[in-house]
Amino acid sequence: AFYLEGLMMIPFVVVCWFLPYQLSHVSGGSHEVSGPSHEAKEREGAQAVKLSTEVKTIMKNSTFIYISLGYAAYCAVLAGLSTFGPTFFQGLQLFPDEKSASLHF
């Protein structure tokens, strides 16, 4: 089922990858959404921010890296415990059989 979903998402990923990337700007408390007026301003001399530049910038941010790695570690531990937790408890002889270990875990 997940493979089918992954295949169905490929066109969306390709479309999002090739769409022009523009940021919305905040000025004076009101949001200016990217649109035709924003494109006209860009033609007048302002440069659009490239996605690759933003990725490089965020990868230099140590807070982002540590939070991402911490969340990845949390997910890995959670997946490991959900997979091997009942077997671990049964190996410690806390429960007599696998069914009760799975039920309590």
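The values are calculated or read from the model by the stated rules, or taken from the named source; none is laboratory data. Keep in mind that what you see is a predicted model, and the values were worked out from it rather than measured. Note: ideal-geometry Cβ built from the backbone for every residue, glycine included; neighbour counts use all protein chains shown. Please note that ligands, DNA and RNA were not included when accessible areas were found on the heavy atoms of the full protein model with its side chains. Shrake-Rupley method; radii C 1.70, N 1.55, O 1.52, S 1.80 Å.
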Q. Looking at the chain, what helices (runs of 4 or more DSSP H) fall wholly within it and have at least 2 residues that are open to solvent by less than 60 Å² (accessible area, probe 1.4 Å) and modelled with pLDDT of 90 or more?
A. 62-91
Q | Near pairs, Cβ below 6 angstrom, 6+ apart or cross-chain, from the range 64-84 (more than 29 Å from residue 101 (Cβ to Cβ)) to any residue that is among the polar types (S, T, N, Q) and exposed (fewer than 11 other Cβ atoms within 10 Å of the Cβ) | A | none
